[in-house]
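**Q** A single structure is presented below for examination.
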Amino acid sequence: MAIGTIHRPIVRQWVVAFIAGTILTILCGLCRAAESHRAVAAQSKPNAHAETVDFGPPDYGFAPASQNLFAPTIELAPPGPDRAARAAAVFIRQMDFQRKISFHPEMSPELDRVVELLPPRQSTLIRAGALYSEDDIPWLEQKDGSHEICVSGEPREKDFYYALTRNCASPEVAERFSGVFALKPATPPTDGASPESVTGSLGGELMMNTYDGGEFIDMLAGFVRETRGDLTPPWDKKPGEFNHHDRAALDHFERDMPHFSERLEHYVEFKNMLDEFDGPGGPYVLFNLDAVLKLHALKAYPHLAEFYRKIVPAVVAASGIYDSKGNFWMRTGFERGHIRIAFMVRNGMLTPFNGNYEPAGESVALDQVRHGSYHSLAWVHIRSLSLTFGLDNLSFASDYVRHDHSMSLVNHMDEVPVLVAPPGISQVMQLIAGEFMRVLAQGDGGLKTWVGSTSDGGMTEFKAGLSGQYHYSPTLEFLARIGDTIADKHDETVRKEERALGEELLDAFMVDYNNARPALIAQDRGITAQ
């Protein structure tokens, strides 16, 4: 199936947990933050929309109209003298690190050989039981029967270098990484046979000396407060219509981030950005992104373009984050090339909304939340040869806790996923994979993922991982091996082009940040650049 044509070896799963997640969240946060109409960007390049700026209505709890879109990055440093300068220093240091770890991974020859022995990501869990018994893999065998692979990582010049290690010790130096992939039989296996099921875990730790998880959340809360268009009538009548609210949001984005916005709009067409409505409590904003990837713009990345050319007509997916009353906090989707993201902001705070995209509860300031729970539900369908396959009811319960110097987010699968297939085939698929799905959702407490950080003495340790119980199915493994063979053909070339595109966008983003930095640092002296 087309969706499987990109795989990432097990090491890259560790990388995704810490690197891609951080940088994409920052970039997406900044994109979402680019929803205000009026801003002054010191030393930024003027454009055609600069003349439309005015200082009309009140801000209704949102960030001031004159605020630069990069302003929330000040939250990356604790309050005190020279805060803006300190925030800029750690942000630059973090972005330099992100470039290495996100776009220039290198592996030692020993680790490279191990990666070649492991299956692609899409079948790692399916084949976990058989992997446990693979003698070719240089497992570290523990007394409790666990088989482990340990990896360390460190920056080297322009790259981030991963190596195989003989122990899974936590990192103690900034910008160092350690990861472990471990399998343990759920019950003692019969001699010479693969275990009936294994408990598998994949996790990693990253030590940093830039900012902690709480400061990152505070920065995101600042971006949320910037989510706005022009907050002026005529108000939208229904969601999804591109009008002056959307144009105002894009104006601000293009004015404060001219290089990044130009690159992003080169590859993506915005069909809608946001909708603004009036209500008894004042105006509210529905960030309602509908963006379409311009496949013709990917001509510099032909293998990546071919991959998306196959994905676009085949895949439909959606997810939602809910509160205890069934209202949405966020909705996302991918539908035949349309990328959709929706969340609501009122008085500069996240607001739950119902299925009609109307406010449906009290707003929440992210930086004020200390604990909470929510639910998420997702599904994905792939259509091939007029047949639809996929998974429904991917359901997770989540718990979030934040203290002064630590935070954690733990998710666990709380229902059995439902296999989707045409009549006749669905019964066969249930026989092949039904038990695997049941054990995944219910075995050992259900599939669990986590991410968190703990800070002490200027150093922050970030942790992320997943664990679950995986039932061994020889038939499912056989089908996975066939899929792996198909997926491997152009995989490495596509990954390289993905990284090159990501770095192209990061380059443009950093040009805009560096142009805005003098004005941001001027905040320490109480100066507002005009």
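**Q** One residue is enough: does segment 454-473 have a residue meeting the conditions closer than 25 Å to G320 by Cα, among the β-branched types (V, I, T) and either surrounded by fewer than 18 Cβ atoms within 10 Å (Cβ to Cβ) or at pLDDT 95 or above (or both)?
**A** no
**Q** Kindly list, by first and then second residue, each pair from a residue in segment 60-71 that is surrounded by 18 or more Cβ atoms within 10 Å (Cβ to Cβ) to a residue that is hydroxyl-bearing (S, T, Y) and modelled with pLDDT under 95, limited to pairs with Cβ atoms under 9 Å and residues at least 6 apart or on different chains.
**A** F62/S36; A63/S36; A65/S36; Q67/S36; N68/S44; L69/S36
**Q** A further question follows. Has segment 382-390 got any residue that is more than 26 Å from G282 (Cβ to Cβ), surrounded by 15 or more Cβ atoms within 10 Å (Cβ to Cβ), at pLDDT below 95 and under 22 Å from the mean Cα position of the chain (by Cα)?
**A** yes
**Q** Scan (1) surrounded by fewer than 20 Cβ atoms within 10 Å (Cβ to Cβ); (2) modelled with pLDDT under 95 for the single condition V114 breaks and write down its number.
**A** If we test V114 against (1) surrounded by fewer than 20 Cβ atoms within 10 Å (Cβ to Cβ); (2) modelled with pLDDT under 95, just (1) comes out false.
**Q** Next question, about the same structure. Sort out which residues of segment 474-506 are within 18 Å of P119 (Cα to Cα), in contact with a helix residue (DSSP H, G or I) (Cβ under 6 Å, 6 or more places away or on another chain) and either surrounded by 14 or more Cβ atoms within 10 Å (Cβ to Cβ) or at pLDDT below 70 (or both), and write them in order of number.
**A** Within segment 474-506, L476, E477, A480, G483, D484, A487, H490, T493, V494 qualify.
**Q** With the structure loaded, tell me whether M208 is buried (at least 20 other Cβ atoms within 10 Å of the Cβ), at pLDDT 95 or above, out of contact with any Gly (no Cβ under 8 Å at 6 or more places or on another chain) and not charged (D, E, K, R) or whether it fails that test.
**A** Yes; evaluated as a whole, the condition is true for this residue.
**Q** What are the pairs with Cβ atoms under 8 angstrom where one residue, in segment 419-437, is of a type in the set (D, E, K, R) and the other, located anywhere, is surrounded by 12 or more Cβ atoms within 10 Å (Cβ to Cβ)? Sequence gap at least six, or different chains.
**A** So the pair list comes out as E435/H471; E435/S473.
**Q** In segment 72-91, what residues are surrounded by fewer than 17 Cβ atoms within 10 Å (Cβ to Cβ) and free of Cβ contacts under 8 Å to residues at least 60 places away in the same chain?
**A** If the condition is that a residue be surrounded by fewer than 17 Cβ atoms within 10 Å (Cβ to Cβ) and free of Cβ contacts under 8 Å to residues at least 60 places away in the same chain, then P79, G80, A89 are the ones that fit.
**Q** Identify, from the list D290, D256, D251, D218, the residue that is surrounded by fewer than 23 Cβ atoms within 10 Å (Cβ to Cβ), of a type outside the set (A, V, I, L, M) and touching a residue at least 60 places away in the same chain (Cβ under 8 Å).
**A** Answer to the selection: D218.
**Q** Next question. Going by the conditions given, is K325 farther than 19 Å from V364 by Cα and not hydrophobic (A, V, I, L, M, F, W, C)?
**A** no
The values are calculated or read from the model by the stated rules, or taken from the named source; none is laboratory data. The model shown is predicted, which means the values in this text are computed figures rather than measured ones. Note: ideal-geometry Cβ built from the backbone for every residue, glycine included; neighbour counts use all protein chains shown.
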